[in-house]
Amino acid sequence: MRITWVTRSFLDYRIPVYKEINRLCNNQLTVIYFADVVPERCKEKLCSILGNRAVGLSGEIRIGGKRVENQSFANQGGLRIPLRPGLIKKVRKTKPDIILSDGFFQWTYAALVNNAIWKTPHLMLYERTPHTEREVTKTRVYARKIAAKFITAISCNGSLTKEYLLQFGYPAKRLYMGNMAADSSGLQKAILEVNEQQLSRLKGKYKIKGPVLLYVGQIIPRKGIMELLFVWKDFEKENPLPQLVLLGDGEQFEEANGFIKNNNIKNVHLPGKVNYSEVAQFYAMADVFLIPTLEDNWSLVVPEAMACGLPIICSGYNGCWPELVKKGNGWVFDPLHTDEFKNTLQTVCKDKDRWKKMGENSLEIIKDFTPEKISQRIYETCLKVTHE
C-alpha cells in the first residue's frame, strides 16, 4: 500500500511512528512536509528512514488571519490557511493509495483536493477537543464542515477528540481511535543510567529536600503556571515538606520567579531550560508528575512521565486524561478552582504510600500508547478505509 502523509511540520516524537508505518506498508510511505519549519535534526532522522521519500518543500503563501505562536491559546488570530504552490501536484505524483493529513488548516487542502477530484481516500489525524474548541468561530466551523465532505475518515487522538467531532456532526461510523504517541523509550533508557551520585548532586545544586513534584514544559500562560504558584503559596504553609520543580522556560519565567520571591515561597525551584541530556535526571529525581495546563490537546510530557514510572496529577483541561490518567495512577483536577486545586495537592500528599504502585500502573497503561501500537492502529485504519 502506498501511503502519502502530508504534514506541514513534525517533531522527534513522530519519527518512530513514521518508521513503523513505513515498515508495515513495505517501505511505501512518503512524508511531505514544510522544510522551512522542521528542525534539521528531524529532517535528518526522517531521511535516514525514508530516503528520497522524505520530501521537504520550501516556500509558502499564507491566506488570512495572523501568525500565532504555538504557546498561544487555540483559535487566536482568525482563520489562516497556509498554501504551498505545487503541493497538490507533488502529492499526486506519489500515486498514493491513501493520503494522511494533520488537522483542518495545515497542508490538508492537498489531501482534500485529491479526494474531491481523484477520489483518493483521505484519513485525517485530528487532536482538538471540546475545550480547545470552546471559542471556535462560526467561520472556522463552516470551513470545517465543507472540508469534512472530502475526508474519508478521521483518526481521533482520544475520546475527547471523538466527542468534539460528534458534536461537530461528523459521522460516528467514520471515526477511529488513536493517533498520538510519545517517543519515550530513549527517556526510559536514560533514567536507568542515572545513578545515586548524580541524583544527590542534582538535589544539592537546587537544595531540594523531601518528595518532588515535577513539571516539565513551557512557563507560559496556557500551561497554568501562575495558577499553580498562587495555590502553592498557601499549600506549602500547611505542607512544608513537598518540593515543586518547574523545569522549562518561557515568557512567564521572570513573572513566576518574582512571584516566588515576593511571596517568600521556599519549596519551589526554577532550574530554567536545561540540556535534553539532563532532563532524565529530573524525571529520575521526581516522585510525582504535575501538569496544571489550562488548555492542551494531548500533552506528550504526560506519557513521557508515565513511561518513567510516575503517578500523574493532571488538569481536566488536558485532552489526554481520559485515556492516560485514571484513579489507579493519578488525580484529575480543575486548575481554575483554587480550593479543588489545593485539595488535590493535599490528597496527593496523603496518598504518598500509594505513589510507587500508582507509578507501576502508569507503566502498564502506557504500554498501549507506544509508537508501535499507535502505528499499528493508524495502518489498520488505512486498510479499512481503502477497502470500504
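The values are calculated or read from the model by the stated rules, or taken from the named source; none is laboratory data. On a predicted model such as this, the values are computed, not experimentally measured, just so you know. Cβ coordinates were reconstructed from backbone atoms using ideal geometry, including for glycine residues, and neighbour counts include every protein chain displayed. The accessibility values were calculated without ligands, DNA or RNA, using every heavy atom of the protein model including side chains. Shrake-Rupley method; radii C 1.70, N 1.55, O 1.52, S 1.80 Å.
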I need the full set of residues from region 334-350 which are without any contact (Cβ under 8 Å) to a residue 24 or more places away in the chain and surrounded by 13 or more Cβ atoms within 10 Å (Cβ to Cβ), in order please. D334, H337, E340, N343
Matching residues in region 359-388 - criterion: being over 22 Å from the mean Cα position of the chain (by Cα) and hydrophobic (A, V, I, L, M, F, W, C): C382, L383, V385
Answer yes if at least one residue in region 257-264 is free of Cβ contacts under 8 Å to residues at least 40 places away in the same chain, among the β-branched types (V, I, T) and in a loop (DSSP other than H, G, I, E, B), and no otherwise. no
Filter result (within 20 Å of E380 (Cβ to Cβ) and open to solvent by less than 20 Å² (accessible area, probe 1.4 Å)) within region 8-38: R14, V17, Y18, I21, N22, C25, L29, T30, V31
Filter result for P322 (open to solvent by less than 40 Å² (accessible area, probe 1.4 Å), in contact with a helix residue (DSSP H, G or I) (Cβ under 6 Å, 6 or more places away or on another chain) and closer than 20 Å to Q218 by Cα): no
Give region 204-232 a look and list any residue that's surrounded by fewer than 17 Cβ atoms within 10 Å (Cβ to Cβ) and touching a strand residue (DSSP E or B) at 6+ places or on another chain (Cβ under 9 Å), or say none. K205, Y206, K207, K209, G210, P211
Matching residues in region 130-159 - criterion: being open to solvent by 30 Å² or more (accessible area, probe 1.4 Å), in contact with a Lys or Arg (Cβ under 9 Å, 6 or more places away or on another chain) and either of a type in the set (G, A, S) or at pLDDT 95 or above (or both): T152
Output the qualifying pairs, or none if there are none: Cβ atoms under 7 angstrom, residues six or more apart or on different chains, first residue in region 185-196 and over 19 Å from R14 (Cβ atoms), second residue among the small types (G, A, S) and part of a helix (DSSP H, G or I). A190/A280; I191/A280; I191/A284; V194/A280; V194/A284
Show the residue pairs meeting these rules: Cβ distance below 6 Å; 6+ apart or different chains; first residue within region 98-126 and without any contact (Cβ under 8 Å) to a residue 12 or more places away in the chain; second residue of a type outside the set (D, E, K, R) and in a loop (DSSP other than H, G, I, E, B). none
For region 179-192, indicate whether the set of residues that are within 27 Å of Y317 (Cβ to Cβ), assigned to a loop (DSSP other than H, G, I, E, B) and either touching a strand residue (DSSP E or B) at 6+ places or on another chain (Cβ under 9 Å) or at pLDDT 95 or above (or both) is non-empty. yes
